[in-house]
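Chemist: Have a look at the structure that comes next, please.
The values are calculated or read from the model by the stated rules, or taken from the named source; none is laboratory data. Keep in mind that what you see is a predicted model, and the values were worked out from it rather than measured. Methodologically, a virtual Cβ is constructed for each residue, glycine included, from the backbone with ideal geometry; neighbour enumeration extends over all protein chains shown. Surface areas here come from the heavy atoms of the whole protein model, side chains and all, with no ligands, DNA or RNA. Shrake-Rupley method; radii C 1.70, N 1.55, O 1.52, S 1.80 Å.
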Amino acid sequence: MQYVLETCRLSHGFSRRQPVLDNVGLQVPEACIYGFLGPNGAGKTTTLKLILGLLKKQQGDIALWGRPFEDDRVGMLRKVGSFIESPSLYGQLSAKDNLLVWQKIYRCPRENIEQCLELVGLGATGGKKVRQFSLGMKQRLGIAVALLHRPSLLILDEPTNGLDPHGIIDVRELLKRLNRQHGITILVSSHLLSEIEKLATHTGIIHKGRMVYQGTLQELLGRYPHTDLEQIFLDTIKMERP
Amino acid sequence: MTFFYSFQSEWLKKKHSAAAALVWVGAFLIPLILLIVRLKKFGSLAAGNISPVLWEGLYVRGWQFMVFFLLPLGVMLATSLITQLEYRNNTWKQAHTTPQDPCILYLSKLSVILVMLLQFFLLFNVGIYLAGIIPTLFSGVPYPLEPFPWRKFLEGSGFFFLDTLPIVGLQYLVSMQFRNFMVPLAVGVGFYVASMVAVNWEYGYTMPYCYSSIEFLHGHMTKREPAVNIHVWALAYFAVFIMVSYVLYRTKRDKS
């Protein structure tokens with residue numbers, strides 16, 4: 001099977017004694033929505049940062065579209081949109097100027113700016129400075145930054161943090177639409193299990209730096225009929241506890 | 001071409017920032033003070049404007065205040081503020097996941113600082129010029145008799161630009177490494193004080209922050225020839241700081 005993103009024996013530690021990731025093998029199939037689940041401190045963000053080259057890789061391999069990431073870092077990043085931990089925005093600029101900063105680098109059409117702002121519901125913010133935005137608005141603008149250059153792979157780390165229920169539904173529907181209509185592969189990490197249940201086609205569960213489950217969501221839910229994802233998740237990580 | 005787009009992006013980031021405001025305020029502050037002082041002595045304005053040393057006088061007084069205080073502190077602050085834009089807004093992680101070589105990102109950010117410095121010098125010269133001609137708006141004050149010595153002003157600014165490069169280099173190095181804005185500020189103030197103490201010392205030229213002061217003292221106060229070519233020393237320090245900074249930047253384990 002062709003994976004858009006694949007990690008092999010990915011291990012990482014911030015100190016020698018305590019590894020944060022232990023042989024993580026993540027396999028994200030093309031055109032799927034991959035829900036990356038794990039409790040706080042399980043290693044989700046570290047994995048995503050390693051994939052994007054934000055952390056120096058210590059051990060293991062990372063491949064995008066079947067090729068090692070190091071082979072063509074710039075070319076691959078051109079096709080990846082990301083949102084890690086919290087939105088990266090310049091507070092003194094407007095939403096439009098924030099997108100313009102990244103549009104220059106991606107050299108994508110300028111029309112994408114307006115389209116992305118409309119897409120995330122920020123089309124009417126005008127010259128308002130981002131520092132005056134609510135947390136939810138910032139979160140949506142962060143997603144717009146990730147979508148600006150129409151990436152083939154979207155890597156989102158907790159994209160619904162700080163959003164109200166209405167905003168969460170909006171983001172969920174947006175991601176589904178992007179996946180269905182444009183075939184964008186989405187890797188989304190979240191601690192909101194109900195969200196992943198409603199959104200993902202595939203899932204991976206990480207606990208204490210180790211992958212404890214990986215496969216389709218249907219398969220996981222099928223293993224434990226009449227049980228919701230929350231219970232399955234809790235049972236899965238409980239089984240792994242030493 | 002990639003550099004060009006990266007530079008455009010970096011230039012846009014400083015829009016409405018404190019660093020951008022500092023360039024304008026810093027460049028026009030001293031000319032404004034000089035203008036106010038001139039207007040206060042209204043009676044001597046006419047004679048001042050026909051004096052053959054009008055521009056020389058404004059130049060010396062302007063740079064005197066500039067090189068000893070505003071220039072080093074302003075450069076220190078502006079360089080640190082530009083770099084800190086990424087830390088403060090949590091945007092390094094986004095910048096490092098864009099399709100550009102980190103070397104391009106590093107150089108374009110540095111180039112923005114250097115262009116801002118050039119902009120500052122240019123605006124300062126315009127300010128001095130305005131301090132000379134604005135009084136002619138009042139009746140009885142003639143237009144300066146002596147033509148504005150653009151060449152001398154630009155040449156002088158060029159040397160001060162070179163002499164300021166070590167400050168840019170070291171501030172860039174420190175502020176790229178530390179998230180806390182106080183660290184580059186403390187390092188800068190420390191070097192600035194040390195340089196002010198050492199400026200008249202025989203080996204003062206070894207201090208990277210005092211070249212603009214030495215240049216001014218040599219040209220207008222002591223007329224004493226420095227023991228070494230301070231411009232070469234300034235360039236050498238800048239090159240070393242920038243290279244060390246680049247190595248530290250590239251080898252950083254966490255780029256988020």
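Chemist: Identify, from the list B:T251, B:T222, the residue that is surrounded by fewer than 16 Cβ atoms within 10 Å (Cβ to Cβ), modelled with pLDDT under 95 and either within 19 Å of B:S108 (Cα to Cα) or within 14 Å of chain A (Cβ to nearest Cβ) (or both).
Modeler: Testing whether each residue is surrounded by fewer than 16 Cβ atoms within 10 Å (Cβ to Cβ), modelled with pLDDT under 95 and either within 19 Å of B:S108 (Cα to Cα) or within 14 Å of chain A (Cβ to nearest Cβ) (or both) leaves just B:T251.
Chemist: Can I ask one more? Among (1) among the acidic types (D, E); (2) under 16 Å from B:S256 (Cβ atoms); (3) more than 14 Å from every other protein chain (Cβ to nearest Cβ), which single condition is B:E56 missing?
Modeler: (2)
Chemist: Now, a different point. Out of the residues in region A:131-154 that are within 11 Å of another protein chain (Cβ to nearest Cβ) and assigned to a helix (DSSP H, G or I), which is most open to solvent (accessible area, probe 1.4 Å)?
Modeler: Per the criteria, the residue is A:R131.
Chemist: For region A:95-130, which positions are open to solvent by 20 Å² or more (accessible area, probe 1.4 Å), away from chain B (no Cβ under 14 Å) and not in a loop (DSSP other than H, G, I, E, B)?
Modeler: Correct list: A:E111, A:E114, A:Q115, A:E118, A:L119.
Chemist: Now, a different point. Please work out which one of (1) touching a residue at least 40 places away in the same chain (Cβ under 8 Å); (2) surrounded by fewer than 21 Cβ atoms within 10 Å (Cβ to Cβ); (3) within 8 Å of another protein chain (Cβ to nearest Cβ) is the condition A:A63 fails and give its number.
Modeler: Status for A:A63: all satisfied but (3).
Chemist: May I pose another question? What are the residues in region A:192-220 that are open to solvent by 50 Å² or more (accessible area, probe 1.4 Å), out of contact with any strand residue (DSSP E or B) (no Cβ under 6 Å at 6 or more places or on another chain) and of a type outside the set (S, T, Y), if any?
Modeler: A:L192, A:E197, A:K198, A:K208, A:Q218, A:E219
Chemist: If you don't mind, there's one more thing I want to ask. Restricting to region A:8-31, name every residue that is outside any strand (DSSP E or B) and either touching a Pro at 6+ places or on another chain (Cβ under 6 Å) or surrounded by fewer than 21 Cβ atoms within 10 Å (Cβ to Cβ) (or both). Walk me through how you get there before you give the answer.
Modeler: Here is the first cut: in region A:8-31, the ones outside any strand (DSSP E or B) are A:14-18, A:25-26, A:30-31.
If the condition is that a residue be outside any strand (DSSP E or B) and either touching a Pro at 6+ places or on another chain (Cβ under 6 Å) or surrounded by fewer than 21 Cβ atoms within 10 Å (Cβ to Cβ) (or both), then A:F14, A:S15, A:R16, A:R17, A:Q18, A:G25, A:E30, A:A31 are the ones that fit.
Chemist: Confirm whether B:S256 is outside any helix (DSSP H, G or I), more than 23 Å from B:Y59 (Cβ to Cβ) and hydroxyl-bearing (S, T, Y).
Modeler: Values: outside any helix (DSSP H, G or I): yes; more than 23 Å from B:Y59 (Cβ to Cβ): yes; hydroxyl-bearing (S, T, Y): yes.
Here the answer is yes, as B:S256 does meet what is asked.
Chemist: Checking the condition without any contact (Cβ under 8 Å) to a residue 60 or more places away in the chain and within 14 Å of the chain's Cα centre (by Cα), which residue from A:L50, A:L37, A:L5, A:L26 passes?
Modeler: From the options A:L50, A:L37, A:L5, A:L26, the qualifying one is A:L50.
Chemist: For residues that are among the hydrophobic types (A, V, I, L, M, F, W, C), within 14 Å of chain A (Cβ to nearest Cβ) and closer than 20 Å to B:F124 by Cα, tally how many sit in region B:1-44.
Modeler: Here the count works out to 5.
Chemist: Taking B:L107 as the residue in question, decide whether it is open to solvent by 50 Å² or more (accessible area, probe 1.4 Å), at pLDDT 95 or above and within 18 Å of A:W102 (Cα to Cα).
Modeler: So B:L107 fits the description; yes.
Chemist: Please go through region A:42-60 and pick out each residue that is in a strand (DSSP E or B) and either buried (at least 23 other Cβ atoms within 10 Å of the Cβ) or more than 8 Å from chain B (Cβ to nearest Cβ) (or both).
Modeler: Scanning region A:42-60 gives A:Q59, A:G60.
Chemist: Return the residue satisfying two criteria in turn: it lies in region A:69-86 and is open to solvent by 20 Å² or more (accessible area, probe 1.4 Å) and within 16 Å of B:N89 (Cβ to Cβ), and of such residues it is farthest from the other protein chains (Cβ to nearest Cβ).
Modeler: Filtering region A:69-86 for residues that are open to solvent by 20 Å² or more (accessible area, probe 1.4 Å) and within 16 Å of B:N89 (Cβ to Cβ), the one farthest from the other protein chains (Cβ to nearest Cβ) comes out as A:E85.
Chemist: Now for a different question. For B:A47, which of the numbered conditions (1) surrounded by 20 or more Cβ atoms within 10 Å (Cβ to Cβ); (2) more than 14 Å from chain A (Cβ to nearest Cβ); (3) small (G, A, S) fails to hold?
Modeler: Unmet for B:A47, out of (1) surrounded by 20 or more Cβ atoms within 10 Å (Cβ to Cβ); (2) more than 14 Å from chain A (Cβ to nearest Cβ); (3) small (G, A, S): (1).
Chemist: Could you run through region B:10-19 and say how many residues are buried (at least 19 other Cβ atoms within 10 Å of the Cβ) and either under 13 Å from B:G132 (Cα atoms) or among the aliphatic types (A, V, I, L, M) (or both)?
Modeler: Selection size over region B:10-19: 1.
Chemist: Say whether the condition of being part of a helix (DSSP H, G or I), among the small types (G, A, S) and touching a helix residue (DSSP H, G or I) at 6+ places or on another chain (Cβ under 7 Å) is met by at least one residue in region A:79-92.
Modeler: Of the residues in region A:79-92, the ones part of a helix (DSSP H, G or I) are none.
Checked against the condition, which is being part of a helix (DSSP H, G or I), among the small types (G, A, S) and touching a helix residue (DSSP H, G or I) at 6+ places or on another chain (Cβ under 7 Å), region A:79-92 yields no hits at all.
Chemist: Right, next: Only one residue in B:M76, B:M116 is in contact with a Lys or Arg (Cβ under 8 Å, 6 or more places away or on another chain), away from chain A (no Cβ under 14 Å) and in contact (Cβ under 8 Å) with a residue 60 or more places away in the chain, so which one is that?
Modeler: B:M116
Chemist: If you don't mind, another one. Got a sec? Which of B:L22, B:L39, B:L32 is open to solvent by 20 Å² or more (accessible area, probe 1.4 Å), part of a helix (DSSP H, G or I) and under 20 Å from B:L81 (Cβ atoms)?
Modeler: On the way: B:L39 fails: under 20 Å from B:L81 (Cβ atoms); B:L32 fails: under 20 Å from B:L81 (Cβ atoms).
After ruling out the rest, the residue left standing is B:L22.
Chemist: Look at region B:87-105 and say how many of its residues are of a type in the set (K, R) and either more than 7 Å from chain A (Cβ to nearest Cβ) or over 15 Å from A:K49 (Cβ atoms) (or both). Even if it seems obvious, please write down each step before you answer.
Modeler: Step one: filter region B:87-105 for residues of a type in the set (K, R), giving B:88, B:93.
With either more than 7 Å from chain A (Cβ to nearest Cβ) or over 15 Å from A:K49 (Cβ atoms) (or both) added as a condition, the list becomes B:88.
Count: 1.
Chemist: Let me ask something else about it. As an exercise: evaluate B:Q84 against (1) at pLDDT 95 or above; (2) within 14 Å of chain A (Cβ to nearest Cβ) and give the number of the one condition it does not meet.
Modeler: Against the list (1) at pLDDT 95 or above; (2) within 14 Å of chain A (Cβ to nearest Cβ), B:Q84 comes up short only on (1).
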